[in-house]
Amino acid sequence: MKVMIAVTHLLGTGHLSRALTLGRAFAAKGHQVQILSGGMPVPQLDHSGVDLIPLSPLRSDGVNFTRLLTDDGDVASSDYLAKRVEAAVIALNRFAPDVLITELFPFGRRVLRSEFLALLKAACALPVKPLIAASIRDILAPPSKPKKAEQTDTIIVDHYDVVLVHSDPQTTRLEASWPVSNQLASKIQYTGYVAPHEAGPHPTGAGANEILVSAGGGSVGQSIFRTAIEAARKTTNRRWRLLVGGQDAPVLIPQLLQLAQGMPVEIESARPDFRQMLTHAEASVSMCGYNTTLDLLQAKTPAVIIPFDDGGEVEQTLRADSLTHLSGFEVVYSSNLTPDALLSALDKTIQAPRRDAATLNFAGAAQTVQIVQDLKEIAL
């Protein structure tokens, strides 16, 4: 079976990371996988086992997701966007997938609506129409107007065979962040959380007894890093390690190093062995994106989470609020983020009983493959 996953990450790297995890799960079952990636390059992510097809890259202008920039920082022209559409359709026709999965669209990425709709139209025009699936995380950015949900329903009914919700319905259902109509409900299948296999311990014990401070792979989180450095000034009994990701890391790291002079703080680029480091860490300080949250749940690391809420974003806040009943999670909202608040939350989470994640379903990648295989068999 040939599987194509179309994904464009615009700010952080979570969307691409999840798509890669799904791709590797399909590849592990012997399927041929192409990932059509329209975001900025992310060299630290593992794309072994899948064929990564890059489009001319785009990123958002910070949290302004309606203003798209090229890798040079220029506003993407209509010609630039048209060439992306052409390249995407050519890639699809060349590969002729048996399965097409669109990550987030049509529940998001409306700014790339023309590109995704062109891909769907081309897929429906293939000699053998592929199974078409939407892949979405546990919590979405709620639609700002009822019309947007209605438009999404129309696209789902017209083009999609299934909506794969990568959540454990015992914990979070789609209704928590999105209006689920009867039409949409008939298409939904819950897969469980899409997470890589548990990382396990680091071979060198990296991260042991440290406070690991991270902000994903995007160019956000400066306030978290700066607050962590100021918190380090107020305490002498902890070691801190800041892992800085995103396109701005080469500029930001020297600035942070200067700010942290004389402090027990190490600062470096985001690392591919981060998940293993979590196993040994005294605690984690991070935002509350989908992939980071699953990493924390799997590693059982005491965690202070600071949900990203710039530009009115609510997804991470909703997710953070859903975790507060679990031991070892403390939430500090960005409006309350101070060195003292961070240190207080760290004390609480480190002293809390170690949580147990055994009841959660992390097999969402394998379950996604099984659902798609079953649907393909039914269609034959």
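Tabulated data
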| quantity | calculated |
| --- | --- |
| Strands (runs of 3 or more DSSP E) wholly inside segment 59-107 containing at least 2 residues that are of a type in the set (D, E, K, R) | 59-61 |
| Test: residue in segment 184-201 that is open to solvent by 70 Å² or more (accessible area, probe 1.4 Å), in contact with a helix residue (DSSP H, G or I) (Cβ under 9 Å, 6 or more places away or on another chain) and of a type in the set (Asp, Glu) | yes |
| Residue selected from segment 135-166 under the condition in a loop (DSSP other than H, G, I, E, B) and among the basic types (Lys, Arg), by the criterion nearest to the chain's Cα centre (by Cα) | Arg137 |
| Single match in Thr171, Thr191 (criterion: in contact with a Leu (Cβ under 6 Å, 6 or more places away or on another chain) and among the polar types (S, T, N, Q)) | Thr191 |
| Pair list, Cβ under 7 Å, 6 or more apart: segment 343-357 residue closer than 15 Å to Ala232 by Cβ, other residue among the β-branched types (Val, Ile, Thr) and at pLDDT below 95 | Leu343/Thr235 |
| Hits in segment 108-134 - residues which are assigned to a helix (DSSP H, G or I) and either farther than 18 Å from Leu58 by Cα or touching a Cys at 6+ places or on another chain (Cβ under 6 Å) (or both) | Leu120, Lys121, Ala122, Ala123, Cys124 |
| Some residue of segment 234-241 being touching a Cys at 6+ places or on another chain (Cβ under 9 Å) and hydrophobic (A, V, I, L, M, F, W, C) | no |
| Meets criteria (more than 20 Å from Asp340 (Cα to Cα), modelled with pLDDT of 95 or more and either out of contact with any Ser or Thr (no Cβ under 8 Å at 6 or more places or on another chain) or of a type outside the set (Val, Ile, Thr) (or both)) for Ala281 | yes |
| Qualifying residue in segment 15-36 (condition: assigned to a loop (DSSP other than H, G, I, E, B), touching a helix residue (DSSP H, G or I) at 6+ places or on another chain (Cβ under 9 Å) and open to solvent by less than 20 Å² (accessible area, probe 1.4 Å)) | no |
| Candidate set from segment 209-253 (those that are of a type in the set (D, E, K, R) and within 23 Å of Thr349 (Cβ to Cβ)); member that is surrounded by the fewest Cβ atoms within 10 Å (Cβ to Cβ) | Lys234 |
| Top-ranked residue in segment 272-289 [being over 20 Å from Ser223 (Cα atoms) and part of a loop (DSSP other than H, G, I, E, B); ranked as most open to solvent (accessible area, probe 1.4 Å)] | Pro272 |
| Residue within segment 313-335 that is on the phi > 0 side of the Ramachandran plot and open to solvent by less than 50 Å² (accessible area, probe 1.4 Å) present | yes |
| Residues within segment 59-82 that are over 25 Å from Phe274 (Cβ atoms) and either surrounded by fewer than 14 Cβ atoms within 10 Å (Cβ to Cβ) or touching a helix residue (DSSP H, G or I) at 6+ places or on another chain (Cβ under 8 Å) (or both), tallied | 15 |
| Selection from segment 151-169 of residues that are open to solvent by 50 Å² or more (accessible area, probe 1.4 Å) and in contact (Cβ under 8 Å) with a residue 24 or more places away in the chain | Gln151, Val157, Asp161 |
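The values are calculated or read from the model by the stated rules, or taken from the named source; none is laboratory data. As the structure is a computational prediction, the values presented were derived from the model and not from experiment. Methodologically, a virtual Cβ is constructed for each residue, glycine included, from the backbone with ideal geometry; neighbour enumeration extends over all protein chains shown. Just so you know, the surface numbers come from the protein's heavy atoms only, side chains and all, with ligands and any DNA or RNA stripped out. Shrake-Rupley method; radii C 1.70, N 1.55, O 1.52, S 1.80 Å.
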